[in-house]
Amino acid sequence: MKKLNSFINKHKFELISFCIIFILVFAVFGHTSKFGLTNFDDVTIATYKISDFDAPLLKIKQIFAEPVYETVNSMYYRPVLTLSFYLDALISGGDTGFNHYTNTLLHVSAVFLLLLFLLKLGYSKIPSLLLTLLFAVHPALVSAAVWIPGRNDTLFAIFTLLSLIFFVQSINSSKTSYCFFTALSFLAAFFVKETAAIIPVIFILYLFLYNKQPGALTVKTVKTTAIFIAAAFVFYLVVRTAVLSQGAGEFKISSILSNLYYGFFKASAWYFGIVFLTEKIYLFPEINISFYDILKGLMPAFILCVFAYIFRKKINFKHTAFGLLWYFLFLLPTLIIRGGIYLNHRLYIPIIGIIIILLELVIIPALPKLNKHKTAVFSLCALLLLSFSVISYKSSFYYRDRASFWINSYEQNPLSETTNISLARYYTREGDIGKAEYHITKALETDKQKRHHNHTAILVEAANVLMAKNEADKAHEYLMQAKNDDSLNEHVYTSLYDYYNAKNEKENADAVIAEGLALIPKSKLLRNKIKTGNNTNDYRIIMEVK
């Protein structure tokens, strides 16, 4: 009992802070446990059949032996993410609402770990807590807390922050156990997201920019940690290579350079604006960033530069550089992989760098003056917190179901091909063929102008609409065109299979699957199509889980 009382007294601030975070997050996002699926990635990776529960150990082994998507050319190996979905299904029996409940709990955990991390960096308790609470309900991060696969970034934040907390602790105490837990958290982060490759760079930056007195013990700790991390990285690399050796996709250097050029000068500024100017937060931002958007994003950066000049004698620019590098390094994969599609939850980790910048450029230098006006400062923070909470609460309903998500996505961005394809699919299933035809026509018109990466998906969905209109010959024409354009696309063959089955041409249906398997022998989708034999076209735009 004495030890428990001692622990409570020693960590009173952290315990009270956790309760505040828990209450706030559940007040804003707790209602999402009644939400369904959006039909965007969540249907593809977050659902399991009850039959999968018969042998949970074998299923877990299978999860670590497969990419996150069923597509044969998947580039993404994220077993911890998939495992979290399986555990949700195992506990709840497949209840979709439980996935949302878990998302909220994971968000609480990530927010609390952020607070602990800021305290480990030496920042004051109250300012750290206030900024952490703003992070918890920031409108730009709603998708991470509400959209089921958005937990990928939440999980990544949890293990990234754990690895950094353990690393800082290992530097301060020089205990080998902390080095081991640092590497273990790092490995778990890798099993969530490939961006974990950046974490060792953050370790190095911390040593150069935060560690004031690197002694012999620190050097020894760093060497021990480096060995553990190297071992974890090699283990991850071996497992990932074995799993994805069946045909992982390839990144084109030209596309990476093009995306980086576009992203660094446009998207990074646009994201910066989203953090401070929350009025333009897209559900599915398949957009062209305008010069005006860039200027708006640079405005807060300019204001921070003014603060830096005013308080230049009081600012620790090394620590500020740490926050700035954190922001750009963790945002870098987003900038180089997907040009033009900048989903909000990708800010979940980078925004921590902005929090550090705010602490260094604004809070710490102005703290003496802020202490003189505590009532006004707390009133302003409370107002901002309330505003963020209300906006995030309202925004969460966009993720309630597929209709809410895609109809609102279309209202925000009517030129998005993905949005129009998804609405065409939704209205086809609802029996509203007129609206389905309208949206697929818009997608086709847009595609003529730029031959987008969704080209094959547009043709397949157009075929679905035509089938619903009983125009089978034209539907077949679109499917054959899709096949000619992308003969290695698994979904084209599954769609042709559904087409022939709908016409009661069983031999042709089997033949097209056999043709697909001859070209893509490792395709799990095609093999499952043979097993299930269902006649429901379930073509989806497979986006990477961010």
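The values are calculated or read from the model by the stated rules, or taken from the named source; none is laboratory data. None of the values given here were measured: they were computed from a predicted structure. Methodologically, a virtual Cβ is constructed for each residue, glycine included, from the backbone with ideal geometry; neighbour enumeration extends over all protein chains shown. With ligands, DNA and RNA removed, areas are computed over all heavy atoms of the protein, side chains included. Shrake-Rupley method; radii C 1.70, N 1.55, O 1.52, S 1.80 Å.
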Ignoring any ligand, DNA or RNA, what whole percent of the accessible area of the stretch 152-234 comes from carbon and sulfur when the probe is 1.4 angstrom?
73 percent
³J(HN,Hα), Karplus 6.51/-1.76/1.60, whole Hz, each residue of the stretch 145-161, x for Gly, Pro:
8, 10, 6, 4, x, x, 5, 4, 6, 5, 4, 4, 5, 4, 6, 5, 5
Rounded to 10°, Cα long-axis angle of helix 216-244 versus longest principal axis of the chain:
10 degrees
Among Ala189, Pro333, Leu479, whose Cα sits farthest toward the positive end of the charge dipole of the chain (+1 at Cβ of Lys/Arg, -1 at Cβ of Asp/Glu, about the Cα centre)?
Ala189
Which trypsin sites (Lys or Arg not before Pro) in the stretch 300-367 pass both tests, a DSSP loop state and at most 15 other beta-carbon atoms within 10 Å?
Arg312, Lys313, Lys314
Under unit Cβ charges (Lys, Arg +1; Asp, Glu -1), what dipole magnitude, rounded to 20 debye, does the chain have relative to its Cα centre?
2920 debye
HN-Hα J couplings of the stretch 89-101 from phi, Karplus 6.51/-1.76/1.60, θ = phi - 60°, integer Hz, Gly and Pro as x?
5, 5, 6, 9, x, x, 6, 4, x, 5, 4, 5, 4
For the stretch 8-51 versus the stretch 390-468, the gap between their alpha-carbon centres in whole angstrom:
28 Å
So for each of 322-335, 415-428 I average, over its residues, the number of other beta carbons within 10 Å; can you give me the resulting order with the highest mean first?
415-428, 322-335
For the stretch 1-139, the percent of accessible surface on carbon and sulfur atoms (probe 1.4 angstrom, ligands and nucleic acids excluded) is 66 percent
So, taking all protein chains as they sit and a 1.4 Å probe, how much accessible area belongs to Ile204, in Å² rounded to tens?
90 Å²
Give, in nm to one decimal, the length gained when the segment between Phe311 and Ser124 is fully stretched (0.36 nm per residue of separation minus the Cα-Cα distance).
65.5 nm
For Phe191, residues with placed amide H under 5 Å, excluding near neighbours:
none
Suppose accessible area is computed on protein heavy atoms with a 1.4 Å probe; arrange Asp95, Asp498, Asp432 from highest to lowest.
Asp95, Asp432, Asp498
Whole-Å distance linking the alpha carbon centroid of the stretch 309-385 with that of the stretch 150-226 is 21 Å
With +1 on the Cβ of every Lys and Arg and -1 on the Cβ of every Asp and Glu, the dipole magnitude of the stretch 355-465 about its Cα centre, in debye rounded to the nearest 20, is 500 debye
Given the pairs Lys10/Lys175; Lys125/Lys372; Lys223/Lys266; Lys3/Lys61; Lys3/Lys59, which span a C-alpha to C-alpha distance of over 29 angstrom in this model?
Lys223/Lys266; Lys3/Lys61; Lys3/Lys59
Can you list residues whose amide H is under 5 Å from Phe64's amide H, if they're 5+ apart or on another chain and H is modeled 1.01 Å from N?
none
Check which residues have an amide H placed less than 5 Å from Asn211's amide H, if you skip close sequence neighbours.
none
Per-residue ³J(HN,Hα) for the stretch 418-425, Karplus 6.51 cos²θ - 1.76 cosθ + 1.60, θ = phi - 60°, Hz, x for Gly and Pro:
4, 5, 5, 4, 5, 5, 4, 5
The chain - accessible surface per residue (Å², probe 1.4 Å):
46 Å²
